[in-house]
Structure formats: C-alpha cells, structure tokens
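The values are calculated or read from the model by the stated rules, or taken from the named source; none is laboratory data. Given the structure is predicted, the values throughout are model-derived calculations rather than measurements. With ideal geometry, Cβ positions are generated from the backbone for all residues, glycine too; neighbour counts draw on all protein chains shown.
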Amino acid sequence: MPEHLDISLRVNGEEVRERVEARKTLVDFLRDDLGLTGSHIGCEHGVCGACTVLVDGAVVRGCLTLAVQCDGAQVETIEGVSDSGAIADLQEAFRLRNALQCGFCTPGMLIGAHALIGGGKVPSRDAIREHLSGNYCRCTGYHAIVDAIESVARSRAGKRA
C-alpha cells in the first residue's frame, strides 16, 4: 500500500482535496489537517464515542475509520451540524437540563442524537439509551441526556403535527 494517498471528500458541505497518510484515522485527519477539533480523541479503540461523526449520514467512530476510506464521501462533524443550526434545539436542551458537565463526550452525544431523531423520529427512552450506548459519559449518568433528547424529539414531532 502506498504511504500517502490523494482523497477528495465533502466535509460539512465543503469540498476537500488532500494528500494523507494511508493509515491516518478520520478523526486525526479532521483535527490535525482540517482544524476541526470538535470530535475528540478518547480511547482510540471505538469504545467511548468521543470521535463520533457522520459519514454519508451514518454514525461512525472517527478513530476506527481511515481518512482514505472516506474518499468520495460526505462527512459531517459537530462543527458542521452546529454551524448550520441543525442541532440548536438539542444544544439548548442539553444546556437547560444540565446534560453536559465536562463536555468531552458532548459532541459525540449530539451527533448521535441528531442522527437518531432526524426525520421526525420519536424514539422511546430505551431506544435513546441503546442508540447512545457506545458514547460514554463519566459525569452525567445519562438521565439528563436522555431527557434532553426525548424532549427535543417530542417537540419536533409536535411542530410537524
């Protein structure tokens, strides 16, 4: 395998063309090469969820995905969904319910929640917990996080009705 490869992808709606090390992870590429530091590096084994991003709409662990695997893909980071306003209601709900403490897990939690309740879904509390089971939070105990996500899902569904 070559040491470096050229990739082309869309990150938060912007076309990106870069030459990257063949073994560079997506989260390292986003942080080091593009300066998008909202996705955090925690365990580097895909267990904690701090590096969660969306690739072609699917929730992925940036530490387990190579940047070269995203050639031709659409990548959304916490910066992209935050700047677009797509998660403003989730961010506010997390703040109001104290669903964040140190904030290290929060970007991954928000990306996961965004994917879960997108399209007007109103999941059960158990489904919310299951969906976020790969995102570790050592501060909140998850109750406030589930409350925040549930409230936003219900609010969004009520606005559609």
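Worth a mention:
- With respect to the stated conditions, Arg61 is closer than 27 Å to Arg138 by Cβ and in contact with a helix residue (DSSP H, G or I) (Cβ under 9 Å, 6 or more places away or on another chain).
- The set of residues in the stretch 70-116 that are farther than 24 Å from Cys43 by Cα and surrounded by 24 or more Cβ atoms within 10 Å (Cβ to Cβ) contains only Leu90.
- Number of the condition not met by Arg138 [criteria: (1) charged (D, E, K, R); (2) surrounded by fewer than 12 Cβ atoms within 10 Å (Cβ to Cβ); (3) at pLDDT 95 or above]: (3)
- Positions within the stretch 49-69 being buried (at least 18 other Cβ atoms within 10 Å of the Cβ) and more than 23 Å from Phe104 (Cβ to Cβ), in sequence order: Leu66, Val68
- For His40, the conditions (1) crowded, with 19+ Cβ neighbours inside 10 Å; (2) more than 19 Å from the chain's Cα centre (by Cα) all hold with the exception of (2).
- Residue in the stretch 42-51 that is under 21 Å from Arg17 (Cα atoms), in contact with a Pro (Cβ under 8 Å, 6 or more places away or on another chain) and assigned by TED's automatic domain parsing to the domain that holds Leu26 present: no
- Gly72 satisfies every condition listed in (1) more than 14 Å from Met109 (Cα to Cα); (2) touching a residue at least 40 places away in the same chain (Cβ under 8 Å); (3) not in a loop (DSSP other than H, G, I, E, B) except (3).
- Residue that is farthest from Val122 (Cα to Cα) [pool: residues in the stretch 139-161 that are without any contact (Cβ under 8 Å) to a residue 12 or more places away in the chain and under 21 Å from the mean Cα position of the chain (by Cα)]: Gly141
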